[in-house]
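> This is the structure I want to talk about, given as structure tokens.
The values are calculated or read from the model by the stated rules, or taken from the named source; none is laboratory data. These figures come from a predicted structure and were not determined experimentally. A quick note on method: Cβ atoms are made from the backbone with ideal geometry, for glycine too, and the neighbour counts reach across all protein chains shown. To get the accessible areas, we keep the full protein, side chains included, count just its heavy atoms, and leave off ligands, DNA and RNA. Shrake-Rupley method; radii C 1.70, N 1.55, O 1.52, S 1.80 Å.
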Amino acid sequence: MDKSVDKPGNNKGGGRSSGAAARDARVTGKGGAKSARPVVPPVDETAQESAGAEMKSAPLGRSSDEDLMSRTQKESDQQAYAMLYERYHQAVLSYLYRMMGNLEDVESIGQEVFLRAYRFRATYRYPQKFSTWLFTISRNLAINYSRRRKRSPVRNITELNLEGVEMSGDPRRVAGRATDDLEKQEEIARVLEALEGLPADQKEVIVLGIFQDLSYAEIEGITGTKAVTLRSRMFHGLKRLGRLMGGKNVDEE
Amino acid sequence: MDSASYETDRFLKLLTDALRAGPGSPAWHEAVREVRTGGLEGADEMRLLLDARERLQSGKDYRTIRAGEGFTRKLMGNIAAERDSGADGRRLSTARLIAIVSGLAVVAAAIALCVMLSRGGNNPAPPPAETAPAELLAVFTKTELTSTFAGGIPADWRAFGALGVTTRGGELRSESPKREDLKAGASLGGGIVSVNGRRDAFAIEADIRMDRAPDHLAVEVFVADEAEFGAGAAMAPREAAGWVQGRQVKAVAIEGDALPKTLGEARDVPGSRVKLTVKVDRQFVVVEADGKLVFAGRHNLQEDRPRYAGIRFLVRGSDRLDSVGVERVRVLRP
């Protein structure tokens, strides 16, 4: 159902010519005579057969991320950027939720990620993968936000309208959907809860490598940490999770 | 073990590959096989590690979220505002920005004071021109319908008007008008219109090719509140439209038999292609060319009537008009 839109927006661009007499929107060149209906001045030239139209650019839906970003950079093509947003908003918001842990932060940072990616689109350089560039922005904003963040009162998250938060944010619900085996449900829930207790660097490589399905090379591009170190963090992070899953105490390493 | 081992030691490299890729991957199968059968030192711990990875795989949906409409709408509105303000990605330092804004505020206050004093405070400033709500100015991201013309006019559209339309070369084009249909000093119209009306906010977008952009041919992307068209130019009683002719695009309003009224200013179309978008809700229309605003303001369509979207060709002269075609039409929702 269409919402009634009553309020005018901010003054962004042209409005009606106030008090202007109705001008003849003729199908004509400039300065033609007026008539009762749209008038086209006669042209004696003979229209030539065109060579046949061919689409010069692929439909947006089939364009690569890098092509879409190129269009966004060169033409400020909002449709191309909107396509990139459609492709990546779930990955970015989920990453932020897994790293930050609270929805207020996701709302603030999520908006800022995509706004900055558009605002600083000129800084994206092919052949870097667009996803790597976008996740780098996301990570940097998340880190800076965590450093600056002061405790603020909890507010209603009505603007974000996040879908499926209730189902995916509770480890026990997630575990319950994954299996009917109660023992495995318990292990799954325990492992997910234990993620929050991991050192930040181990949690990060697990979130990016496992949940976001990025390669070590891509994670290296995002974090600046060498792949060999990332592998070590993956190993030790999962080792801790394994011990916590088994109900054991984790020794400091 | 030192960090370097994770790439020099074959098993550790395999294992960390397996842990990242997870159950089902080739690395995983190989790693599991080696742990189970290889007599490795610390095999129990390795199994625990693999078990933890399996549990994580089962919980991979954990904290998966998507943005809702409000989030997307807010973001796209902000991006549209950035685009229209001409932001080019370069940022000023915060201090410099504050200095500039403060200076502008002082200048604005001084000007306002002068104006008030000169007027004696008796003439209120005119109200700001209405444009359109932010939701309508934002990018519409949901494609409801995509129509191409390789196989004729799709079933979602019907032809109208005395000027025939055809599909050729994968495009929608106008036919050459019949001489008997042409009247001196008048133009002839015809096109396609949506079969079904819509009541919610939507956009119609057309990819238009103009190899030569003749002045005697115009292409219009329109929204009307009736699907009945008159003779001759085949206009509906009320329309809000984007209009391309020559190398210019403009917004127009049609009101019965009155002359079509140009809204705002025409904009040049530099290339041989233009993406013309007309977005409407109950009260407002936004016309954009290649994502750039041409006009935003109130339309003349009746609020309680359904909207019919369409493409119209307007021609004068009987020559073939293959230099202009419509390559694709989309209907989008916010």
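> Number of Lys pairs in chain B with C-alpha atoms less than 20 angstrom apart, excluding same-chain neighbours closer than eight positions?
Qualifying lysine pairs in chain B: 13.
> Right, next: For the range B:203-309, what's the relative contact order in percent, using C-alpha pairs closer than 8 Å and at least 6 residues apart? Numbers along the way, then the final one.
Numbers: 257 pairs, mean separation 31.6, N = 107.
Rounded, it is 30 percent for the range B:203-309.
> What FRET efficiency comes out for the pair B:Arg179/A:Gln128, r = Cβ-Cβ distance, R0 = 60 Å, nearest 0.05? If you can, show how the numbers build up before the last one.
Working: r = 60 Å, r/R0 = 1.00.
Efficiency at R0 = 60 Å is approximately 0.50.
> Remind me, relative contact order of the range B:1-58 in percent, using alpha carbon pairs under 8 angstrom and six or more residues apart? If you can, show how the numbers build up before the last one.
Details: 38 pairs, mean separation 14.3, N = 58.
Contact order relative to length: 25 percent.
> Moving on to the next point. Taking a temperature of 37 °C and a viscosity of 0.692 mPa s, what whole-number D in µm²/s does Stokes-Einstein yield for the range B:182-334 with Rh from Kirkwood over alpha carbon pairs?
Values: Rh = 15.3 Å.
Once the numbers are plugged in, D ends up at 215 µm²/s.
> Does the range B:272-325 come out rounded, prolate or oblate by the C-alpha gyration tensor, with a ≥ b ≥ c the root eigenvalues, rounded set by a/c under 1.5 and, if not, prolate when a/b is larger than b/c and oblate if not?
Details: a/c = 3.09, a/b = 1.65, b/c = 1.88.
Cα axes put the range B:272-325 in the oblate bin.
> Next question, about the same structure. At a 1.4 Å probe radius, carbon and sulfur cover how many percent of the accessible area of chain B? Intermediate results must be reported in sequence, preceding the final value.
Working: 7330 of 14290 Å².
Using a 1.4 Å probe with all protein chains present, chain B comes out at 51 percent carbon and sulfur.
> Averaged across the residues of A:222-232, what count of C-beta atoms belonging to other chains lies within 10 Å of each residue's C-beta? If you can, show how the numbers build up before the last one.
Working: counts 0, 0, 0, 0, 2, 3, 10, 3, 4, 11, 9.
Mean shielding by partner chains, rounded to a whole number: 4.
> Around B:Arg238, which amide H atoms from residues at least 5 apart in sequence, or from another chain, sit under 5 Å from its own amide H, with H modelled in the peptide plane?
Placed amide hydrogens put B:Asp225, B:Glu226, B:Gly256 under 5 Å from B:Arg238.
> Right, here's the next one. Go through the range B:63-79 residue by residue and turn each phi into a ³J(HN,Hα) via Karplus (6.51, -1.76, 1.60, θ = phi - 60°); whole Hz please, and just put x for glycine and proline.
Along the range B:63-79, the couplings run 6, 8, 9, 10, 6, x, 4, x, 5, 5, 4, 4, 5, 5, x, 5, 5 Hz.
> For the range A:116-122, take each phi angle, set θ = phi - 60°, evaluate the Karplus expression 6.51 cos²θ - 1.76 cosθ + 1.60, and give the result in whole Hz per residue in order, putting x for glycine and proline.
Values per residue, Gly and Pro as x: 5, 4, 6, 4, 9, 4, 5 Hz.
> Suppose R0 equals 56 Å. What FRET efficiency, 1/(1 + (r/R0)^6) with r the Cβ-Cβ distance, do B:Glu41 and A:Asp180 give to the nearest 0.05? Kindly include the intermediate steps, with their values, before the conclusion.
Details: r = 36 Å, r/R0 = 0.65.
About 0.95, to the nearest 0.05.
> For a Förster distance of 45 Å, can you work out the FRET efficiency between the beta-carbons of B:Glu7 and B:Ile153, rounded to the nearest 0.05?
Numbers: r = 60 Å, r/R0 = 1.34.
Taking R0 as 45 Å, the efficiency between B:Glu7 and B:Ile153 is 0.15.
> Still on this structure: Would you tell me the mean number of C-beta atoms belonging to other protein chains that fall within 10 Å of each C-beta in A:187-195, as a whole number? Intermediate results must be reported in sequence, preceding the final value.
Values: counts 6, 7, 3, 2, 9, 8, 1, 3, 4.
Rounded to a whole number, the mean comes out at 5.
> If I stretch the segment between B:Arg33 and B:Lys60 completely, what's the gain in nm (0.36 nm per residue apart, minus their alpha carbon distance), one decimal? List each step's numbers first, then the result.
On the way: separation 27, 0.36 × 27 = 9.72 nm, distance 2.36 nm.
Additional length available on full extension: 7.4 nm.
> In nm, to one decimal, how far is the B:Asp200 label point from the A:Glu66 one, both placed 7 Å along Cα→Cβ?
Placing both labels 7 Å along Cα→Cβ, they lie 3.7 nm apart.
> Continuing with this model, one more query. Quick check: convex hull of the Cα atoms in chain B, volume per residue, rounded to a whole Å³? Write down the numbers at each step before the final one.
Values: hull volume 86.7 nm³, N = 334.
Each residue corresponds to 260 Å³ of Cα convex hull volume.
> Mind checking the range A:167-253 for chymotrypsin sites (Phe, Trp or Tyr not before Pro) that DSSP puts in a loop (not H, G, I, E or B) and that have at most 12 other Cβ atoms within 10 Å?
Numbers: sites: A:Phe211, A:Tyr216, A:Phe235; in loops: none.
Qualifying residues, ordered by number: none.
> Hey, another quick one. How far apart, in nm, are the 7 Å Cα→Cβ label points at A:Ser146 and B:Asn300?
Computed distance between label sites A:Ser146 and B:Asn300 equals 6.0 nm.
> What shape does the range A:172-253 take by its C-alpha gyration tensor, where a ≥ b ≥ c are the square roots of the eigenvalues and a/c under 1.5 counts as rounded, a/b above b/c as prolate, and the rest as oblate?
On the way: a/c = 2.99, a/b = 1.61, b/c = 1.86.
Oblate is the answer for the range A:172-253, as a/c is 1.5 or above yet b/c matches or exceeds a/b.
> Using Cα pairs closer than 8 Å and at least 6 residues apart in sequence, work out the relative contact order for chain B, in percent. Display every interim value, and only then the final one.
Working: 639 pairs, mean separation 66.9, N = 334.
This gives 20 percent for chain B.
> Go through the range B:137-228 and name the GluC sites (Glu not before Pro) that are in a DSSP coil and have 12 or fewer other Cβ atoms within 10 Å of their Cβ.
The qualifying sites are B:Glu228.
> Along the Cα-to-Cβ line of A:Glu193, 7 Å from the Cα, sits a label point; which residues in the range A:219-245 have backbone N less than 13 Å from it?
Under cut-off, by backbone N: A:244-245.
> Quick one: if you stick a label point 7 Å off each Cα along the C-beta vector at B:Arg247 and B:Glu69, how many nm between them?
Placing both labels 7 Å beyond Cα along the Cβ direction yields 4.2 nm.
> What are the ³J(HN,Hα) values, in whole Hz, obtained from phi via the Karplus relation 6.51 cos²θ - 1.76 cosθ + 1.60 with θ = phi - 60°, for each residue of the range B:163-178 in sequence order, with x given for Gly and Pro?
Rounded to whole hertz, the list is 7, x, 10, 9, 10, 8, x, x, 10, 8, 9, 8, 6, 6, x, 6.
> Further, regarding this structure: Please compute, for peptide B:71-82, the average count of beta-carbon atoms on other protein chains lying within 10 Å of each residue's beta-carbon. Intermediate values should be presented prior to the final figure.
Values: counts 13, 6, 2, 6, 10, 6, 3, 6, 10, 4, 3, 5.
Counting other chains' Cβ atoms within 10 Å and averaging over B:71-82 gives 6.
> Give me P(r) over the range B:2-84, computed from all C-alpha to C-alpha distances, binned every 5 Å, as integer percentages.
3, 12, 17, 16, 11, 6, 5, 6, 7, 8, 5, 2, 1, 0
> Taking 0.36 nm per intervening residue step and subtracting the Cα-Cα distance, what contour gain separates A:Ala200 from A:Arg87 on full extension?
38.0 nm
> Given the rule -39500 (n - 2.57) for each run of at least 4 DSSP H residues, summed and divided by the residues of chain B, what is its mean residue ellipticity at 222 nm, to the nearest 500 deg cm²/dmol? Each step should come with its number before you reach the end.
Details: 7 runs with 90 residues, N = 334.
One gets -8500 deg cm²/dmol as the mean residue ellipticity at 222 nm.
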